[in-house]
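For reference, the structure discussed in these notes is given below.
The values are calculated or read from the model by the stated rules, or taken from the named source; none is laboratory data. Quantities reported herein were computed from a predicted structural model and do not represent experimental measurements. With ideal geometry, Cβ positions are generated from the backbone for all residues, glycine too; neighbour counts draw on all protein chains shown. Side chains are part of the model used for accessible areas, which takes the heavy atoms of the whole protein and leaves out ligands, DNA and RNA. Shrake-Rupley method; radii C 1.70, N 1.55, O 1.52, S 1.80 Å.
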Amino acid sequence: MQPVDEGWQYRWGDSPLMPDGTPQWIVQDEPGQWHDIGFPSNPPGRAGREHAWFRVTLPEGEWFSPMLYIYSVDIIVQAWFQGELLYQYGTFDEQGRGRFEGWPWHEIPLPENYEGETVYFRVFSNYTDIGLWGEVAILDHPDLVLHLVSRSAKSLVIATICGLIALLALIFASIQRGPMGFASIALFSLVTGTMLVAETPASLLIAYQPLLWDYLAAGSYFLVPVTLALLLQQWLAHHSPAVLGWLWKFHLGFAVLALLASLSGLINLSSAFLVFDGLLLVSLVLLVGSAALRFRVLYREQQILLVTCGLFAVLLIADMAVAHGFLPWGWLVPASWGALAFALAVVSISVWHFSRTQQALQQMTVQLEQKVAERTARAEALAEREAARSRLLTLESRKSQKLADLISGIQDCAVLEEAFELLARALPGLYMPMAGSFYRRRPDGSYERVATWGPAAETAFPASLDRGLPSLTETTLPLRSQALSDPLCFLLRVEPGLTGGSPEGVLLLAHPRLPESLKGYGTVRVVAWVYQSVEKLGITLSGLALREELQRFSYEDGLTGLKNRRHFDELFRHEQEVSRRSGRSLSLLMLDIDHFKRFNDTYGHEAGDEALKMLSRVLARHFRGSDTVCRYGGEEFAVLLPGATSAEATERAEALRRAVASEPAGEGGAVPEHLTVSVGVACWPESCTEFGDLFRAADRALYRAKHAGRNRVAAAEA
Ligand SMILES: Nc1nc2c(ncn2[C@@H]2O[C@H](COP(=O)(O)OP(=O)(O)OP(=O)(O)O)[C@@H](O)[C@H]2O)c(=O)[nH]1
């Protein structure tokens, strides 16, 4: 590559044309009009002029297919060589003016023997700069292609990386919940990448559309502050200065308007660059400056981002300064590297931030799942408890029904013994599934097991509780589940007590086996129910006992404990019926204490009562089994002897009479003097054919015994 950087001359204005259209200045040499210039660009003293001519004598060189390479021209150009138009870029009108058509590099093929010949450049520019720009050199075509590619390589690599970053950011934006952060990175990278590709000289090798590439470059360049402001706005979040919002909206508006205006021919795109660069300078200062004011309150990653953004802004400004000639062309400002570094910094911080957010999210999810699991477990436990409670309630109501049936069964019982038999049969069903045993009080005060159910150890429920009762702890209300004895012990009290207040029954129960969820509350409830059921059974049994006692009193003689006349009358009727059906004989003894009035009068009424009791004992001793002894009234007694003949009855009456007479009296005896009795004996069917006559026959026989001198037995005559 042979630079053409010497021997340049310029001349302001446009050349008049000769009749054949050839510019006059390339034919008539007017050396005084041409002035030397170091590089064919922006000659001094422009004063608003839009036309300039440049010329140079081409140096010698060894080339196969030499090309004159220019990068580039403001704004349109014609190249004249040996009186011929060698090259033209843009359209010149009659006034020699034209429109901006892009800033491509130019490749002008040189004819053979070009060395030492002068080439003239006719330039029109309504832009700030006029003339050639960048590089002017001679080289072979393949070398030019290589040169362009090598000049573009860096930008293309960076643009590719930017494209990849944009793609990655877009993917992240689509999977993240707040996509704006990554979307703004994608936009920035996309804009930067597009700008780099569009600005790179190699782009024209892909498609020789200078204006299209320039529009793309302009559009993406104009959008740089938009994406920068958006990025910072996203990143600084609530620390973001309000000016950022204004800036990106303003620049977006500018980009749209500038492109539309130049596309529609209202303005030249080149002039929009000038305005934009001014605006960009101000915007960058505002952008970075306003964010830097909050530098101290920012997080570390925000600070790093801001610093890289500041560096990028400085590089952009430096690049602008080179483009506008404030800094020399040779200064290669690494603005594209700056953009890449900025994009990479943003991406790395974003990815780091993203992964941190993901970690936090994961932690939150784990915590949330834990909470949900805990709540579910609690809800399940509650549901389980509710189900167990409802099962318990159902069981309780079923048991309550059983208890009610048992109570009504007990009420139907005639005597307490029958009720206890019923109880022993019914208790297992009532208290299952709790294992247990029921003990009944024996006359000697010990307790005998009468029912046992469920799997239970012999030690917990022994066959009898001889001396065990005092060591048992009675389960009483109020209940505390932790203070419950094992086994549970309930005392069945039947009042009026048959044996003076000791419980009639003892119920031992194993602890109820309840689900864990119900244990505390359920145990207390179940045990309270058992306690109440035992109380109810006790009350019912007490009622029965009272009834039985009352009944006994109504058939018993209170003084002697013998059956009374009422009982005698009922029994007598019953025995008559039995004898009538079976034909079995029935004897009746009527006996009366002799001279009892005198005894009473002599020793007092109390002694008379003692005498009556003594006689009762003798009678009870004397008659057992099917015989029935009754106090018929006063000092009169009746004895029924079912199955006894008249002779047998008389014999037994005689034995009785003797026994009474020989009862000890005086000191050491129950009575102060000996008593005697007179006895009348009658027998069916020997004494009478009708049962109705039996009593009268016995009474008459008694009368006869009395009459015959007392202390004797008289049998009724047939
Ligand atoms: N201490 C006492 N005396 C009674 C009781 N029931 C009846 N008597 C007395 O028994 C006596 C019966 O007397 P009477 O019927 O005249 O006959 P008696 O004196 O035994 O003479 P005889 O029967 O003819 O031998 C009366 O004095 C009654 O007061 C009682 O429950 N206790």
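Of the conditions (1) assigned to a helix (DSSP H, G or I); (2) surrounded by fewer than 16 Cβ atoms within 10 Å (Cβ to Cβ); (3) without any contact (Cβ under 8 Å) to a residue 60 or more places away in the chain, LEU327 fails just one. Which one is it?
(1)
In the stretch 586-602, which residues are more than 9 Å from the ligand (Cβ to nearest atom) and surrounded by fewer than 19 Cβ atoms within 10 Å (Cβ to Cβ)?
Residue satisfying the conditions is THR602 alone.
Does SER687 satisfy the condition of being surrounded by 16 or more Cβ atoms within 10 Å (Cβ to Cβ), of a type outside the set (D, E, K, R) and within 15 Å of the ligand (Cβ to nearest atom)?
So SER687 does not fit the description; no.
Looking at the stretch 32-57, I want the residues that are under 12 Å from TRP12 (Cα atoms) and have a partner that is open to solvent by 10 Å² or more (accessible area, probe 1.4 Å) and among the aliphatic types (A, V, I, L, M) with Cβ atoms under 6 Å, at least 6 apart or on another chain. Which pairs are those?
PRO43/ILE37
Quick one: is LEU422 in contact with a strand residue (DSSP E or B) (Cβ under 6 Å, 6 or more places away or on another chain), assigned by TED's automatic domain parsing to the domain that holds ARG525 and either modelled with pLDDT of 90 or more or in a helix (DSSP H, G or I) (or both)?
no
Select from the stretch 104-128 the residues that are in a strand (DSSP E or B) and within 13 Å of THR57 (Cα to Cα) and list them in ascending order.
Correct list: THR118, VAL119, TYR120, PHE121.
Quick check: is even one residue across the stretch 278-295 closer than 26 Å to MET180 by Cα and assigned to a loop (DSSP other than H, G, I, E, B)?
Yes: one or more hits.
Sort through ASP601, ASP592, ASP569, ASP609 and tell me the only one that's of a type in the set (Asp, Glu) and touching a residue at least 60 places away in the same chain (Cβ under 8 Å).
ASP592
Return yes or no: is LEU571 assigned to a helix (DSSP H, G or I), more than 10 Å from the ligand (Cβ to nearest atom) and not charged (D, E, K, R)?
The answer is yes for LEU571.
Do we find that LEU640 is away from the ligand (no atom under 16 Å from the Cβ) and within 11 Å of LEU589 (Cβ to Cβ) in this structure?
So LEU640 passes the test.
Of a type in the set (A, V, I, L, M), without any contact (Cβ under 8 Å) to a residue 12 or more places away in the chain, open to solvent by 40 Å² or more (accessible area, probe 1.4 Å) and assigned by TED's automatic domain parsing to the domain that holds ALA339 - does that describe any residue in the stretch 286-298?
Checking the stretch 286-298: not a single residue is of a type in the set (A, V, I, L, M), without any contact (Cβ under 8 Å) to a residue 12 or more places away in the chain, open to solvent by 40 Å² or more (accessible area, probe 1.4 Å) and assigned by TED's automatic domain parsing to the domain that holds ALA339.
For the stretch 401-432, enumerate the residues that are farther than 12 Å from THR540 by Cα and open to solvent by less than 50 Å² (accessible area, probe 1.4 Å).
LEU422, ALA424, ALA426, LEU427, PRO428, GLY429, LEU430, TYR431
I want to confirm something. Restricting to the stretch 700-710 and keeping residues that are surrounded by fewer than 19 Cβ atoms within 10 Å (Cβ to Cβ) and touching a residue at least 60 places away in the same chain (Cβ under 8 Å), which single residue is farthest from GLU575 (Cα to Cα)?
Taking the candidates together, the pick is ARG710.
One line per residue, one yes/no per condition, for (1) assigned by TED's automatic domain parsing to the domain that holds SER616; (2) hydroxyl-bearing (Ser, Thr, Tyr); (3) at pLDDT 90 or above:
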{"site": "LEU559", "(1), (2), (3)": "no, no, yes"}
{"site": "LEU571", "(1), (2), (3)": "yes, no, no"}
{"site": "HIS574", "(1), (2), (3)": "yes, no, no"}
{"site": "SER582", "(1), (2), (3)": "yes, yes, no"}
{"site": "LEU589", "(1), (2), (3)": "yes, no, yes"}
{"site": "ASP592", "(1), (2), (3)": "yes, no, yes"}
{"site": "LYS597", "(1), (2), (3)": "yes, no, yes"}
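Out of ALA655, ALA611, ALA661, which single residue is surrounded by fewer than 21 Cβ atoms within 10 Å (Cβ to Cβ) and more than 22 Å from ALA716 (Cα to Cα)?
Residue meeting the stated conditions: ALA661.
Just checking, which of THR476, THR523 is at pLDDT below 85, under 24 Å from ALA456 (Cβ atoms), in a helix (DSSP H, G or I) and of a type outside the set (Asp, Glu)?
Exactly one residue qualifies, and that residue is THR523.
Please pick out the residue among THR118, THR160, THR91 that is among the hydroxyl-bearing types (Ser, Thr, Tyr), outside the structural domain of PRO19 (by TED's automatic domain parsing) and at pLDDT 90 or above.
Matching residue, one of THR118, THR160, THR91: THR160.
Is it the case that the stretch 57-68 has a residue that's aromatic (Phe, Trp, Tyr) and buried (at least 19 other Cβ atoms within 10 Å of the Cβ)?
no
So how many residues does the stretch 625-637 have that are more than 18 Å from GLU654 (Cβ to Cβ), away from the ligand (no atom under 15 Å from the Cβ) and free of Cβ contacts under 8 Å to residues at least 60 places away in the same chain?
2
Mind listing whichever residues of the stretch 526-566 are over 26 Å from GLU421 (Cα atoms) and in a helix (DSSP H, G or I)?
Scanning the stretch 526-566 gives ARG565, ARG566.
Report whether or not ARG99 is open to solvent by 10 Å² or more (accessible area, probe 1.4 Å) and closer than 16 Å to ASN268 by Cβ.
yes
How many of the residues in the stretch 433-447 are open to solvent by 10 Å² or more (accessible area, probe 1.4 Å) and of a type in the set (A, V, I, L, M)?
So the answer is 1.
Return the residue satisfying two criteria in turn: it lies in the stretch 440-469 and is modelled with pLDDT of 85 or more and touching a Pro at 6+ places or on another chain (Cβ under 9 Å), and of such residues it is nearest to VAL494 (Cα to Cα).
The selected residue is ARG441.
Within the stretch 546-563, identify whether any single residue is within 60 Å of the chain's Cα centre (by Cα), more than 16 Å from the ligand (Cβ to nearest atom) and either farther than 30 Å from ALA701 by Cα or not hydroxyl-bearing (Ser, Thr, Tyr) (or both), and answer yes or no.
No, the stretch 546-563 contains no residue that is within 60 Å of the chain's Cα centre (by Cα), more than 16 Å from the ligand (Cβ to nearest atom) and either farther than 30 Å from ALA701 by Cα or not hydroxyl-bearing (Ser, Thr, Tyr) (or both).
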